[in-house]
Amino acid sequence: MTSVLRVNGGRSLNGEITVRGAKNFVPKAMVAALLGHTPSVLSNVPLIQDVNVVSGLLELHGVKVDFDESCGVLHLDPTSVESAHVADIDAHAGSSRIPILFCGPLLHRLGEAFIPDLGGCNIGGRPIDFHLDSLRSFGARVEKRVGGIHITNPDGLHGTQIELPYPSVGATEQTLLTAVLAKGLTELRGAAVEPEIMDLVSVLQKMGAIISVDTDRTIRIEGVDELVGYRHSALPDRIEAASWASAALATGGDITVLGASQPDMTTFLNTFRKIGGSFDVLENGIRFWHPGGDLRSIAIETNVHPGLMTDWQQPLVVALTQAKGLSIVHETVYEKRFGFTDALNQMGAQVQLYRECLGSTPCRFKQANFVHSAAISGPTPLHGADIEIPDLRGGFSHMIAALAASGTSTVSGIEMISRGYEHFTSKLSLLDADFKEVK
Ligand code: EPZ
């Protein structure tokens, strides 16, 4: 059901909100519970759509899931795992991309898995070739079927050597979740090392896995015979924290984000400061505010960790429409991640898109027909408009723009934002935003 907000903009956001566990970690830790033969407990779990989807998928496979939403604690009991009906998996997976990560655990538990064709935000091709190559190198047989892929492991899974062509977060998670119970040693070169990956390594180590991460992005996993359940508290959502920080800049406000963790956000905090934002690291979070005066334009380039995260650029772009001068953003992780800027231009922004690499280093999308660089000139006053949200992060950015714009905007597709931002509209109310749910 599409939900619509009518937003009266031109007011600064001020107040205190709390972020809980990271959307891009919690569902992976839930899948990891399948690998243990005793129950697991995951805390600091946010109430977001992706958690509901994965809970449902786990239950389809016989896992008992109990979520105490008020305190954010998930109990997962995987002692009786069974195959699920393809139609049920497909119906339940929705737009989530997490089902692909069930492959390794289900191969270990059941000897086979059926993964429906994946959804996810429309920000590029979202191929899964690295995932399938990784599974094949462990000895799995992968067959494309109507509506998805059928995977079996006739002779069990054995350790292997994998070199990722690009430090893919998902392919790194795929390899970790398969290698921990495979026979022998697995060496993964060119791995992603995001904080969410390192938290998944901690979870697997608690379960009994033996994993080392070298400074050259090589992860080595010694397969073990069995794993047990874990108790873990999820790391905070650094994407949500940065989203609200950008909202404070764009609306001239002052937002304290309880739960935010500085070490995971170093590169974002440097960028926030260079644009002219102020922040103060507290005992239990970070306070972000616009100190007054002009915001400064900047040239930024997204990259894998520890670079500037691709999921941080959309909200920052909105703040840059209010910065003095010409800002440049070179998006090097996804080929099509500036679609959301059309709506900003409708509201008075001046964002020009280019297929050239407008950054310090040419990226994978050089000379290809991908519009992956943006030039933003500002400051440009924004005015209200009717907006249709395109994807999760672009949607949050549209909301920031509507809150910063003078006049009224209607923003439809708000349910897409609740996929990754817990209690989104209640947080807007806590920050004194002036809006009404019209549908
Ligand atoms: C995860 O997506 C996150 N999603 C993304 O967040 C995040 O932007 C991304 O990592 C990068 O940090 C979740 O964790 C659920 P990738 P993932 O594999 O794993 C290419 C959000 O809004 N690639 O690191 O799908 C791919 O096309 C979302 O929270 C292949 O070519 O990202 C992309 O260009 C958006 N083949 C690049 O690698 C593959 O088999 C990075 O993708 C896999 C990936």
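The values are calculated or read from the model by the stated rules, or taken from the named source; none is laboratory data. Computed from a predicted structure; not experimentally measured. Neighbour counts run over all protein chains shown; Cβ positions are idealised from the backbone, glycine included. All accessible areas refer to the heavy atoms of the entire protein, side chains included, with ligands and DNA or RNA removed. Shrake-Rupley method; radii C 1.70, N 1.55, O 1.52, S 1.80 Å.
Assorted remarks:
- Between the amide H of S233 and those of S43, distances stay under 5 Å, these residues lying 5 or more places away or on another chain, with hydrogens modeled in the peptide plane.
- Here the peptides 226-234, 207-215, 395-403, 64-72 are ranked by packing, the mean other Cβ count within 10 Å, and the order with the highest first is 395-403, 226-234, 207-215, 64-72.
- Per residue, in Å², the accessible surface of the chain once ligands and nucleic acids are set aside, probe 1.4 Å: 38
- Taking amide H positions as modeled 1.01 Å from N, with prolines and chain starts lacking one, the residues under 5 Å from L157 and 5 or more places away or on another chain are K183.
- Farthest toward the positive end of the dipole of the chain, out of I414, A385, S233, is the Cα of A385, where the dipole comes from beta carbon charges about the Cα centre.
- Solvent-accessible surface of protein heavy atoms, probed at 1.4 angstrom with all chains present, puts E356, E388 in the order E388, E356, largest first.
- If the segment from R217 to S80 were pulled out straight at 0.36 nm per residue, it would be longer than the present Cα-Cα gap by 45.8 nm.
- Hz values of 3J(HN,Hα) by residue in the stretch 137-153 - Karplus curve (6.51, -1.76, 1.60), Gly and Pro given as x: 6, 7, x, 7, 9, 10, 10, 6, 10, 4, x, x, 10, 10, 10, 10, 9
- Taking the average, over residues, of other Cβ atoms within 10 Å as the packing measure, peptides 251-259, 27-35 rank 27-35, 251-259 from highest down.
- Per atom type, the chain shows carbon and sulfur on 49% of its accessible surface, probed at 1.4 Å.
- The slack between H150 and L185, meaning 0.36 nm per residue of separation minus the straight C-alpha distance, is 10.1 nm.
- Cβ crowding within 10 Å averaged over residues, with 267-274, 106-113, 308-315 ranked highest first: 308-315, 106-113, 267-274
- Using Cβ point charges alone (K and R +1, D and E -1), the dipole size of the stretch 26-233 about the Cα centre works out to roughly 260 debye.
- Amide proton proximity set for L295, modelled H, under 5 Å, gap of 5+: K324
- The simple spin-label model puts a point 7 Å past each Cα toward its Cβ; for E59 and V281 those points are separated by 4.1 nm.
- Computed from phi, the 3J(HN,Hα) profile of the stretch 261-277 under the Karplus parametrisation 6.51, -1.76, 1.60 (θ = phi - 60°) reads 10, 4, x, 6, 10, 3, 5, 5, 4, 4, 5, 4, 5, 5, 6, x, x Hz, with x in place of Gly and Pro.
- C-alpha long axis of helix 49-60 to longest principal axis of the chain, angle in °: 20
- Gap separating the Cα centres of the stretch 339-400 and the stretch 119-140, nearest whole Å: 27
- Assigned charges on the beta-carbon of Lys, Arg, Asp, Glu; the chain dipole about Cα centre (debye): 860
- Among the listed pairs K23/K64; K28/K336; K23/K324; K28/K144, those beyond 27 Å (Cα-Cα): K23/K324
- Size of electric dipole in the stretch 363-439: Cβ of Lys, Arg +1 and of Asp, Glu -1, about Cα centre, debye, nearest 20: 380
- Calculated from backbone phi, Karplus (6.51, -1.76, 1.60) coupling profile of the stretch 364-372 in Hz, x at Gly/Pro: 4, 8, 4, 6, 8, 8, 10, 7, 10
- Nearest-ten-degree value, helix 310-320 long axis tilted from longest Cα axis of the chain: 10
- Note on the chain: helix-only mean residue ellipticity at 222 nm, from DSSP H runs of 4+ residues weighted -39500 (n - 2.57) and normalised by residue number, equals -8500 deg cm²/dmol.
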